[in-house]
Amino acid sequence: MALRVLEDWLAHLIDPEGNGDEVFLRPRDEPALMAADSVSWRVFKNPLAVYVGGVTGVLLQLAEPRVGAGVWQYTSFRQRPMDRLRRTAHAAMLTVYGPRGRAEAMIAGVSRMHSRVRGATADGRPFHADDPELLEWVHATACFGFLEAYHHYVRPLTAVERDRFYAESAPAAKLYGATSAPGSQRDLDSLFERMETQLHPSDVVHEFLAIVRRMPLLPAPLRPVQNMLTAAAIRLVPARMLERIGLDEGPRLPAWKRELVRLCGRSADRIVLRSHPAVQACRRLGLADDFLFARG
């Protein structure tokens, strides 16, 4: 019964129109942008790592004033957060697991949309959504969030695996327009050092966290843990950046809660959900449903 609830929840979250089978199972044998034996396929199969890491990444993105202004002015997140979350989750899964042709077409559509977005921050700084610097920041912070969530709350990753994860995402990043996306942990560290001074406290960040805490994301029986997972996401942000964006006094994550998040993350890493794009992609390539789980 519990497994069925998770199956239905995940299927509706990623593809509320019910077309997941069509999107990820076909065309038969068509590869994805990332290989089936990649670190990325192992990381993105874990729902907890994707949720927690996604919140971490968005926090860092919104703390950059131009990105924050673009998201808050030109997306529907404030009015319809669940709809926006579903579209973002679907795009992420399609980028990692979808057949290459379909993923490339989706990314091209996103890029066309970005090319039309122009605006200015509250202090008058102009921005455009297809600026390679901003796209690099969005891509890098998303990768950072997913990787750190998996590393801290699911299974520790080696230095080699961390470098592989960033390198694997670089081709997709270029398709999105992030032409200088970090290809290693060292590249990511250098980018964070350069960008740190551009991050600022923002009402947008606090409004985002308030929305995340109250939106009905998880299945009803799991909703009490949503605040704990949000706190776990905040704690992944580097300490100096937390201080810069005014979240260093935010919710703490006591040791017992941290261990509970890890227990949930490790448990999620062993559950084979047939509705998950990772499993459907394995089927598309003729691999066993538990291919990633046996190796993860």
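None of the figures in this text is laboratory data; all of them are computed from the coordinates on show. All figures in this text were calculated on a predicted structure; none of them were measured in a lab. Methodologically, a virtual Cβ is constructed for each residue, glycine included, from the backbone with ideal geometry; neighbour enumeration extends over all protein chains shown.
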Where does region 59-183 land on Rg(C-alpha)/(2.2 N^0.38 Å)?
1.09
Out of Ala288, Val272, Leu260 - ranked by how far each Cα lies towards the positive end of the dipole of region 201-296, with unit charges on the beta-carbon of charged residues - the top one is Ala288
Over the alpha-carbon set of region 24-68, work out the extent along each principal axis and list the three values in angstrom, largest first.
43, 22, 16
Quick check: residue separation of Glu243 and Leu218 times 0.36 nm, minus the Cα distance between them. What number comes out in nm?
6.1 nm
For region 102-236, size of Cβ-based charge dipole, Lys and Arg +1, Asp and Glu -1, in debye:
540
On full extension of the chain, what length is gained from Arg274 through Trp256, given 0.36 nm per residue of separation minus the C-alpha to C-alpha distance?
3.3 nm
Quick query: amide H of His128 versus all other amide H atoms, modeled in the peptide plane; which residues come in under 5 Å with a sequence gap of 5 or more or a different chain?
none
So what are the ³J(HN,Hα) numbers for region 72-81, from phi and the Karplus equation (6.51, -1.76, 1.60; θ = phi - 60°), rounded to whole Hz, Gly and Pro as x?
6, 8, 10, 10, 9, 4, 5, 7, 9, x
Long-range Cα-Cα pairs in region 83-142 (distance over 16 Å), rounded percent
57
Zero-based 10 Å bins, Cα pair distances in region 236-296, whole percents
19, 29, 22, 23, 8
Can you list, bin by bin at 10 Å, the percent of alpha carbon pairs in region 10-131, starting at 0?
11, 37, 36, 14, 2, 0
Convert each backbone phi in region 43-52 into a coupling constant with the Karplus relation 6.51 cos²θ - 1.76 cosθ + 1.60 (shift: θ = phi - 60°), then list the ³J(HN,Hα) values in order as whole Hz, x for Gly and Pro.
5, 6, 6, 8, x, 5, 4, 5, 5, 4
A chain fully extended from Asn227 to Ala210 at 0.36 nm per residue, minus the present Cα-Cα distance, gains in nm 5.1 nm
Checking rank on 28-39, 222-233, with mean other Cβ inside 10 Å and highest first, the result is 222-233, 28-39
Positive minus negative residues near Leu147 (Lys, Arg vs Asp, Glu; Cβ under 12 Å)
0
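Please report, in debye to the nearest 20, how large the charge dipole of the chain is about its Cα centre when each Lys and Arg carries +1 at its beta carbon and each Asp and Glu carries -1 there.
It comes to approximately 580 debye.
If one computes P(r) from the Cα atoms of the chain, what percent of pairs lie at distances over 36 Å?
Every Cα pair in the chain considered, those over 36 Å come to 10 percent.
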Burial order of peptide ranges 177-184, 124-131, 146-153 (average beta-carbon count within 10 Å, highest first)
146-153, 177-184, 124-131
For region 224-234, in order, what is each residue's ³J(HN,Hα) by Karplus, 6.51 cos²θ - 1.76 cosθ + 1.60 with θ = phi - 60°, in whole Hz (x at glycine and Pro)?
x, 8, 4, 5, 5, 5, 5, 4, 4, 5, 4
Dipole in debye (nearest 20) - region 29-96, about Cα centre, beta carbon charges: Lys, Arg +1; Asp, Glu -1
380
Picking from Glu133, Glu207, Glu64, which is most flexible by a Gaussian network model of the chain using Cα springs under 10 Å?
Glu207
Just check region 132-243 against the gyration tensor rule for me: Cα atoms, a ≥ b ≥ c as the square roots of the eigenvalues, rounded for a/c under 1.5, and otherwise prolate or oblate depending on whether a/b exceeds b/c.
prolate
